[in-house]
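Working notes, structure below.
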2 protein chains.
Amino acid sequence: MNTDILSQAAAQARGLAIDAVHACSSGHLGLPLGCAEMGAVLWGGGGLRYHPEAPKWLNRDRFILSAGHGSMFLYGWLHMAGYDIPMENVKNFRQLGSHTPGHPESFETPGVEATTGPLGQGIGNAVGFALSGKRAAGKFNTADHTIFDHHVIALHGDGCLQEGVAKEAIAFAGHSHLDNLILIYDSNDVTLDAMAEVTQSEDAQGYFASQGWDVATIDGHDMTAFAKALEHAKNDDNGKPKVIIAKTTIAKGIPEVAGTAKGHGEGGAKFADEARKGLGLPEEHFYVSDEVREHFKEVAENHKHQFLSWQSDYEAWAQANPELAAELRAGVQGEIPSDLADRIPAFEEDYKDATRGAGGVVLQTVAKEVPQLISGSADLYGSTKNYIKDAGDFSGKDNPTGRNIWFGIREHAMCAICNGIAYDGIFRASGATFLVFADYCRASIRLAALSKLPVTYIFTHDSVGVGEDGPTHQPVETVSGLRVIPNLDVIRPADAEETAGAFAAAMLRTDGPTLLALTRQGVPQMNELSVSERRDGVRRGGYVARKEKGALTTILIGTGSELQYCLKAADELGDGVRVVSMPCLERFDRQDAAYREEVLPQACTKRIAIEAGVTGLWWKYVGTEGKVIGIDRFGLSAPGATVFKELGITAEAVVAAAK
Amino acid sequence: MNTDILSQAAAQARGLAIDAVHACSSGHLGLPLGCAEMGAVLWGGGGLRYHPEAPKWLNRDRFILSAGHGSMFLYGWLHMAGYDIPMENVKNFRQLGSHTPGHPESFETPGVEATTGPLGQGIGNAVGFALSGKRAAGKFNTADHTIFDHHVIALHGDGCLQEGVAKEAIAFAGHSHLDNLILIYDSNDVTLDAMAEVTQSEDAQGYFASQGWDVATIDGHDMTAFAKALEHAKNDDNGKPKVIIAKTTIAKGIPEVAGTAKGHGEGGAKFADEARKGLGLPEEHFYVSDEVREHFKEVAENHKHQFLSWQSDYEAWAQANPELAAELRAGVQGEIPSDLADRIPAFEEDYKDATRGAGGVVLQTVAKEVPQLISGSADLYGSTKNYIKDAGDFSGKDNPTGRNIWFGIREHAMCAICNGIAYDGIFRASGATFLVFADYCRASIRLAALSKLPVTYIFTHDSVGVGEDGPTHQPVETVSGLRVIPNLDVIRPADAEETAGAFAAAMLRTDGPTLLALTRQGVPQMNELSVSERRDGVRRGGYVARKEKGALTTILIGTGSELQYCLKAADELGDGVRVVSMPCLERFDRQDAAYREEVLPQACTKRIAIEAGVTGLWWKYVGTEGKVIGIDRFGLSAPGATVFKELGITAEAVVAAAK
């Protein structure tokens, strides 16, 4: 390792960060400056296996910047390493249209593996990448060919480590023996507001050890020490994830703020000129020397050889193992049978189980048709019914190919880990818990939606139908609270066939997550509609479940377990009544205007919506002359049917509203 | 300690749990059976200081059942201890109208300190109670009188401890030297789905030690060992919180399921008859023997003496320290000056700071007028501006009277801890972070709303006005996502005076939480309205900010930083235009129909709402003929003003929509 040239690169990376932050008067200098030596080792000293021309190389090391506010660390090093991030983008850090947003976004910038910034998430994502890596190695490597043996390396600071989601993920990683995971803990004793000692006094070594991790502590500015620790961590396949606690000086390079909370953000930028001098940089801003460029060209050349050698190995493997290769390709390219909905057997007409039960049945077929699907639960398989039968339980050590993931009572980490699996893109991730606990996961669900990740949430016990567990466990606002998240599809199917349609719709969606809200309680089959009408109706989000017999006078809109009340009410209300099933508002809104008008003709202003939840979002569909029957309060502890009645979610209420 | 009679009580408590769960065929037997001996020591063996006739005795020990699913543990022991929970309620466990809901609810049942059940929350609550206790002792005790020297004791299982919110709270408690806090860890090696070893392999002793806690491990069925450990934990004021790891057998008493995951829920109830025999219970269900009743009468008598002795001490203290006594009374009774809004000085007409800045100014006055207010931040005081000047930083050891709480980067625990402070009811809790991180706290905010806790959230950076930090940090759906939570007031003030009104409204609310959504960016003062019009307008949630000059043709509705665009547009649109400021939909909805009609006359159907966020909830106010200008997508990384323009949140857009 040529530490001379790497030191120059580190100084220039610091310069890029200072110049970029100075140019836009915002951003964070602390990490890019404090971690510059480690950046040099990672991208310029063989620390990471990568190939800038193939940022998605399957066997690359994954690097996740969990401390996403330090985004200039990533952009600077990725630029120097030869990724397609022109200097123009670095110069336009945090500006409209540039591919260098304030926090890293996986869909914006080559080489950026995950959308991070909300603290702690990146650690969860890294655990997901590591799980994916273990599973890929277990599934696709053969005695003759090693297709996957990469590592997952994440950089985080004190902030990430204070977050609960990180602590959940760390516990899971230790328990799951993810020894392909390496955290680099940028331990600079500073947080945004103050010195870290103001808010923390954790014994980090003791903590990580208690979670089943290996711990090494080094001087983060000592490139040799870091390179050695990293190499050791990579080579020690002892069943334990690794953390390298790197003691660093935040904002090192700007003496006026280095080592203090002022060094965290953009505060140091005003000392830019002095700092640049101190770092031995020339007058020219955004400077990278020819020597450093030359060095990275050599590095890239080496990496290219590794890549090409892997590629020829991969091709030999693919030829020798065509089925495995087809499965890997299907995973990476997101190939799902387009007729998936038709492949799921129809339910009996007298099937009466809850939609969670129907979901459990549907899942078994889906799992056969989509072999890349993996299905986890936060200690609730018995209730969420999403266990894939005969598919084994994942363990990094004993069973890396298992398709069921026992996440423990760690809902937030479950979703952050699912995001990591989805970013990696080899497997399809799904996770399950009670719907009310979506609140625990919301930050991760939001990031899945923002990052366009096709994660599936199988969340059950979707209303006051939860019953005896009471208001702490009864969603009333939860479904609507999720519907407002852009790019998240929330599907609340009404019966077993709509449930089948919902699973198919979720699987076939590739540009965002889908949340399935399933009942605890039994619901009847809507046999007056054919199986395919119901399944296809879900795909469109809303559809006519019963057409009026005469002139249209009234539209009743229902979702999920309340659709049955609309149908019952329509029986009583007579010929002019239409019933619309609306399992997914987002999908319905995406239909063209003609279809929406066909389902909800504007001319009919007498509209009644019913849902066992808050009413606010329904006014868009019923209009000012319409009515919404819902629950704008918390629930009650009593048997589910009693609660429905007590809170007025009944067919009678629909009839009364329509009269 | 009479272990004979306590053993009988333990057997009968087990019987109550078995009978209650059997009667309703739901609920959880594992904990009430596994922890029966500890329950006997707590309520019947001097473990807890309490007085059933005065459940809110200020110097009682607080007991929080974090593992709320084991609610029959609480109901059984509280019933036997003499709290006002008639046997009829125990018999009607989990039924409509009974005060024994499936999970404990603080507002339902005497002796229930906190609404728990969503796992991990109770540990956060307990930390809040402990903080409140430390602060109360620091503030109100004098050299002559000790008014507060109680302990906070919480019982939790593996589930709570796997949750991130618990881990955040535990780190905070260790750091803050809350040595008045004792966790009892019901370590039974079982979770709902499976043996705990399937999902966890944490070294609990090492973990707690790494967080600065004292750890003792005992046999949870050994009453003497537990009593000793508890006494030791209570007496050791060494600056460290304590955990007693109690190894127990889940569902002990029902041999068919004891020690297994089947023992967690109601599964054991079918073996009720055999189990009751094995426990030596008679045929009679819901049985408590005369001897046990007699024992608890004696216990209650003892406790009454303690209570009366404290009460006379309290009266002497109150006489000697009238000001302190008045302050304590004001805290406990929630007394806030009813004219608080008027006591806040008016801002200059040319004040232009962000509402977060105005909030920081307002807070200083509010803090003087409401001395019980304490104000925390999740490592963002510099940005959230809610530091109470000259009021010190809380530390359990060095400064228990400090009013500013450095929560660290632990948003979820911050809100769970605020709930604990609010349950304790002596101080008014508030917490601050960036609005987008409301997602991290949502489960705790929900519980505050459900439990009617007057917590204030000072959440800043409330829209894409966040700017350069980009979509990961820009709320678009966050405000609407919070508005759907029942009983939560979300106030988004438009200028400095509305901000003053918002703080006053939050403080004067006693039956639920208020969230203040404040801007990062500067906003102009709406000087065409008087100071009191704006402040009082916020109290009502919505009000006419500019009345039409001629016949009403159009209503423009704006909130927060977008109200200015309505006013600008109205300038251009002419005489028939009314502008409505709608800082709080929930408060507006609570106004009577006449007032709402006065503000938004039904006859005027041309209505346009604008908000820099998702549009879904606005259709209720604009109707089918109206329009909503909003942002139904994620944001962009660029300067805030650029993002507003790019996403069409402008006066021009309002004008165009109205034409």
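The values are calculated or read from the model by the stated rules, or taken from the named source; none is laboratory data. Note that the coordinates shown come from a computational prediction; the quantities given were computed from them, not determined experimentally. Counting neighbours? That spans all protein chains shown, and the Cβs are built from the backbone with ideal geometry, glycine included.
Some notes on this structure:
- Residue that is in the same structural domain as B:I184 (by TED's automatic domain parsing) and touching a Leu at 6+ places or on another chain (Cβ under 8 Å), where the choices are B:D61, B:D19: B:D61
- Number of positions in the stretch A:545-554 that are out of contact with any helix residue (DSSP H, G or I) (no Cβ under 8 Å at 6 or more places or on another chain) and under 11 Å from A:V580 (Cα atoms): 2
- Only one of B:A137, B:A143 that is away from chain A (no Cβ under 11 Å), surrounded by fewer than 24 Cβ atoms within 10 Å (Cβ to Cβ), among the aliphatic types (A, V, I, L, M) and free of Cβ contacts under 8 Å to residues at least 12 places away in the same chain: B:A143
- Residue satisfying all of: in the stretch B:161-208; more than 7 Å from chain A (Cβ to nearest Cβ), in a helix (DSSP H, G or I) and modelled with pLDDT under 95; surrounded by the fewest Cβ atoms within 10 Å (Cβ to Cβ) among these: B:E197
Conditions tested, residue by residue: (1) within 32 Å of the chain's Cα centre (by Cα); (2) touching a residue at least 40 places away in the same chain (Cβ under 8 Å); (3) surrounded by 15 or more Cβ atoms within 10 Å (Cβ to Cβ).
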| site | (1), (2), (3) |
| --- | --- |
| A:L556 | no, yes, yes |
| A:T559 | yes, yes, yes |
| A:K568 | no, yes, yes |
| A:V579 | no, no, yes |
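- Breaking point among (1) more than 23 Å from B:Y423 (Cβ to Cβ); (2) out of contact with any Lys or Arg (no Cβ under 6 Å at 6 or more places or on another chain); (3) part of a helix (DSSP H, G or I), for B:F73: (1)
- Among the residues of the stretch A:76-91, just one is touching a residue at least 40 places away in the same chain (Cβ under 8 Å) and part of a loop (DSSP other than H, G, I, E, B), namely A:G82.
- Hits in the stretch B:618-641 - residues which are within 22 Å of B:L567 (Cβ to Cβ), not small (G, A, S) and not in a loop (DSSP other than H, G, I, E, B): B:W618, B:Y621, B:V622, B:K627, B:V628, B:I629
- One residue stands out among those in the stretch A:589-614 that are part of a helix (DSSP H, G or I) and of a type in the set (A, V, I, L, M, F, W, C): the one that is farthest from the other protein chains (Cβ to nearest Cβ), which is A:A594.
- Within the stretch B:525-575, no residue satisfies the criterion of being modelled with pLDDT under 95 and in contact with a strand residue (DSSP E or B) (Cβ under 6 Å, 6 or more places away or on another chain).
- Cβ separations smaller than 6 Å between residues 6+ apart or across chains give the following pairs from the stretch B:517-537 residues that are more than 18 Å from B:Y565 (Cβ to Cβ) to residues that are of a type in the set (A, V, I, L, M) and in a helix (DSSP H, G or I): B:R535/B:A341; B:R535/B:A500.
Let's see how each residue does on (1) at the interface with chain B (Cβ under 9 Å from one of its Cβ atoms); (2) surrounded by 24 or more Cβ atoms within 10 Å (Cβ to Cβ); (3) over 16 Å from the mean Cα position of the chain (by Cα):
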residue	(1), (2), (3)
A:F407	yes, yes, no
A:T433	no, yes, no
A:S451	no, yes, no
A:I458	no, yes, no
A:H461	no, yes, yes
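- As for the stretch B:93-111, it holds no residue that is assigned to a helix (DSSP H, G or I), more than 14 Å from chain A (Cβ to nearest Cβ) and closer than 30 Å to B:A261 by Cα.
- Out of B:S66, B:S106, sole residue that is more than 22 Å from B:I18 (Cβ to Cβ) and touching a Phe, Trp or Tyr at 6+ places or on another chain (Cβ under 7 Å): B:S106
- Residue check, B:A67 assigned by TED's automatic domain parsing to the domain that holds B:L31, out of contact with any His (no Cβ under 7 Å at 6 or more places or on another chain) and of a type in the set (A, V, I, L, M, F, W, C): no
- Annotation note: of B:A13, B:A36, B:A40, B:A20, the sole residue that is in contact with a Pro (Cβ under 8 Å, 6 or more places away or on another chain), at negative phi and buried (at least 24 other Cβ atoms within 10 Å of the Cβ) is B:A13.
- Flag for A:G623 being crowded, with 24+ Cβ neighbours inside 10 Å, outside the structural domain of A:T460 (by TED's automatic domain parsing) and not hydrophobic (A, V, I, L, M, F, W, C): no
- Here B:V544 passes the criteria (1) within 14 Å of chain A (Cβ to nearest Cβ); (2) out of contact with any Cys (no Cβ under 8 Å at 6 or more places or on another chain); (3) under 23 Å from B:E597 (Cα atoms); (4) among the β-branched types (V, I, T) except the one numbered (1).
- The condition of being surrounded by 24 or more Cβ atoms within 10 Å (Cβ to Cβ), among the aliphatic types (A, V, I, L, M) and farther than 24 Å from B:C415 by Cα holds for only one of B:A517, B:A494, B:A505, B:A500, that being B:A494.
- For the stretch B:1-48, filtering for residues that are within 18 Å of B:F286 (Cβ to Cβ), away from every other protein chain (no Cβ under 14 Å) and of a type in the set (S, T, N, Q) leaves 2.
- Those residues of the stretch B:215-238 which are outside any loop (DSSP other than H, G, I, E, B) and out of contact with any helix residue (DSSP H, G or I) (no Cβ under 9 Å at 6 or more places or on another chain), in sequence order: B:A225, B:K228, B:A229, B:E231, B:H232, B:A233, B:K234, B:N235
- Restricting the stretch A:112-134 to residues that are out of contact with any His (no Cβ under 7 Å at 6 or more places or on another chain) and in a loop (DSSP other than H, G, I, E, B), the residue that is farthest from the other protein chains (Cβ to nearest Cβ): A:E113
- Test: residue in the stretch B:239-253 that is assigned by TED's automatic domain parsing to the domain that holds B:G45, of a type in the set (A, V, I, L, M, F, W, C), part of a loop (DSSP other than H, G, I, E, B) and crowded, with 22+ Cβ neighbours inside 10 Å: yes
Let's see how each residue does on (1) within 14 Å of chain A (Cβ to nearest Cβ); (2) touching a Lys or Arg at 6+ places or on another chain (Cβ under 7 Å):
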site: B:S338; (1), (2): no, no
site: B:A341; (1), (2): no, yes
site: B:I344; (1), (2): no, no
site: B:E349; (1), (2): no, no
site: B:T355; (1), (2): no, no
site: B:A358; (1), (2): no, no
site: B:L363; (1), (2): no, no
site: B:D379; (1), (2): yes, no
site: B:G382; (1), (2): yes, no
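Table: residues versus (1) closer than 19 Å to B:P400 by Cβ; (2) in contact with a Lys or Arg (Cβ under 8 Å, 6 or more places away or on another chain); (3) outside the structural domain of B:G30 (by TED's automatic domain parsing).
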position: B:T116; (1), (2), (3): no, no, no
position: B:G122; (1), (2), (3): no, no, no
position: B:A130; (1), (2), (3): yes, no, no
position: B:I147; (1), (2), (3): yes, no, no
position: B:H151; (1), (2), (3): yes, yes, no
position: B:A154; (1), (2), (3): no, no, no
